[in-house]
Amino acid sequence: MIELNRRSVLFGTGAIALVSGAGQAVTARKAEAAAPAAQSQAPSFYRSKLGDFELTQFSDGARTFPIADTFVRNVPKASVLAAAEAAHMPQGQVTVPFNPVLINTGSKLVLIDTGFGPGAAAPVGRLATNMAAAGVDPKSIDIVVLSHLHPDHANGIKAADGSLVYPNAEIKAPAPDLNFWMSEENAAKAKDEATKNYFANCRKVLGDMMGKITRYEWGKEVAPGITALDTSGHTPGHTSFAVSSGSATMLVQSDVTNIPELFLVNPEWQVMFDYDPEKAAQTRKKFYDMAAAEKTLIAGFHFSFPSMGYVEKSSTGYRLNPIRWNPVL
Ligand SMILES: [Zn+2]
């Protein structure tokens, strides 16, 4: 029997002493590896099956940043800090991951969202590297579907030199988001800096390619087996997707919630990125009530990699039960 002495685990420096059942002290030596540390993360992609479809989750990276006073608009900062601390985020900060998904329907390769793009500053913009590691050629993508036009979802459509990253893909974006963000009238009405930046970014990235974008409508398929769902609130055209192959179904939820540790647990909390926070909260509850009742698998763009799980009701709101890594397809 081995007893862990709490004091030595918490306060010991260097070696951790364990006492074996035979009464002998066992000392763990510091690693004396001859090999240099790798100093970089492993390729981040994860495959799974949904009926006959093959899914590949990709990480575009994750950002850790100090919690702004207005990060959650309708809650005192102290409560936000406490929730982040309870979730073991770095002190005073949150980590937000970004995870696009590729769906191989058997006839089409469909990429939902594109990340920040290869021109983005580290530690984001890693989709291209991870796609290469997964053996996926960007030229082979048939359809790129944007869930909404925020930079973390749409900017990866272009490389740093302005060329198209997926040159052979049909590019689809939700009609209400295109109408809203590309309107000069709406842009002129933007008051806060963040919203002004969103309008400016849409013009910069998509302005010269409006003729190349197919507008899609809610309630219709954007690709075989992938149906666009109205989950507006986060943006006016914010869209999620119901994916089905045979009897298997799942939801790709985009930004119905930002990081689950804060906004699933507290579905009323209004993250600063929501354009219409009241509507976003209504959407959140409607969406997760349905997903929890039907026990539907969900892919969440801002869930921790590989960013899939099941949402269950909890005493305050909801909680995420992440999938378990499956080594076989
Ligand atoms: Zn987002």
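The values are calculated or read from the model by the stated rules, or taken from the named source; none is laboratory data. What you see is a predicted model; the values in this text were computed from it and never measured. Positions of Cβ are backbone-derived with ideal geometry, glycine not excepted, and every protein chain shown enters the neighbour counts. Surface areas here come from the heavy atoms of the whole protein model, side chains and all, with no ligands, DNA or RNA. Shrake-Rupley method; radii C 1.70, N 1.55, O 1.52, S 1.80 Å.
Residue ranking by accessible heavy-atom surface, 1.4 Å probe, largest first, among Arg324, Arg203, Arg73 comes out as Arg324, Arg73, Arg203.
If both residues of a DSSP beta bridge must be in segment 60-210, then about 65% of such bridges are antiparallel.
The count of lysine pairs in segment 158-223 with alpha-carbon distances below 16 Å, taking only pairs 8 or more places apart or on different chains, stands at 7. Just the number, please: Stokes-Einstein D of segment 231-284 in µm²/s, Kirkwood Rh from C-alpha pairs, 10 °C, 1.306 mPa s. So the translational diffusion coefficient is about 137 µm²/s. Within the listed set His88, His302, His153, the residue fluctuating most in the Gaussian network model of the chain (springs between alpha-carbon atoms under 10 angstrom) is His88. With a 1.4 Å probe rolled over the protein heavy atoms of all chains, the accessible area of Phe263, Phe45 falls in the order Phe45, Phe263, largest first. Exposure check, 1.4 Å probe, all protein chains in place: Glu185 carries approximately 130 Å² of accessible surface.
Okay, helix-only estimate at 222 nm for the chain: each DSSP H run of n ≥ 4 adds -39500 (n - 2.57), divide by all residues, round to 500 deg cm²/dmol; what do you get? Only helices count here, giving -6500 deg cm²/dmol. Per atom type, the chain shows carbon and sulfur on 53% of its accessible surface, probed at 1.4 Å. Kirkwood radius, segment 152-220, all distinct C-alpha pairs, inverse of mean reciprocal distance: 13.0 Å. Specify the angular offset, from 0 to 90 degrees and rounded to the nearest 10, of the alpha carbon long axis of helix 277-294 from the longest principal axis of the alpha carbons in the chain. The helix 277-294 is inclined about 70 degrees to the chain.
Taking the Cα atoms of segment 237-329, the ratio Rg/Rh between the radius of gyration and the Kirkwood radius comes to 0.96. Structure remark: mean-square fluctuation, Gaussian network model of the chain, C-alpha springs under 10 Å; the largest value among Leu264, Leu164, Leu127 belongs to Leu164. Could you tally the net charge around Glu217, taking each other residue with its Cβ under 13 Å from the Cβ of Glu217, Lys/Arg +1 and Asp/Glu -1? Within the 13 Å Cβ shell, the charges total 0.
For Tyr288, the solvent-accessible surface computed with a 1.4 Å probe is close to 0 Å², ligands and nucleic acids excluded. Per-residue SASA remark: Glu184, around 120 Å² accessible (1.4 Å probe; ligands, DNA and RNA not included).
Report the rotationally averaged projected area of segment 114-156 based on its alpha-carbon convex hull, in square nanometres.
Working: hull surface 12.5 nm².
For the Cα atoms of segment 114-156, the hull's average projected area reads 3.1 nm².
Against the chain, whose longest principal axis is taken from its Cα atoms, helix 193-206 shows a tilt of about 60°.
An oblate overall shape is assigned to segment 182-262, the ratio a/c of its alpha-carbon gyration tensor axes (a ≥ b ≥ c) being 1.5 or greater and a/b not exceeding b/c.
Need one number: convex hull volume per residue for segment 148-290, Cα atoms only, in Å³.
Spread over its residues, the Cα hull of segment 148-290 gives 130 Å³ apiece.
The coefficient of translational diffusion for segment 276-316, derived via Stokes-Einstein from the alpha carbon Kirkwood radius under 4 °C and 1.567 mPa s, stands at 117 µm²/s. Measuring from centroid to centroid over Cα atoms, what is the spacing of segment 210-252 and segment 107-130 in Å? Segment 210-252 and segment 107-130 have Cα centres spaced 19 Å from each other. If you average 1/r across every pair of different Cα atoms in the chain and take the reciprocal, what Kirkwood value do you get, in Å? In the chain this quantity evaluates to 21.4 Å.
Counting Lys and Arg as +1 and Asp and Glu as -1 over every other residue whose Cβ lies under 13 Å from the Cβ of Asn168, the net charge comes to 0.
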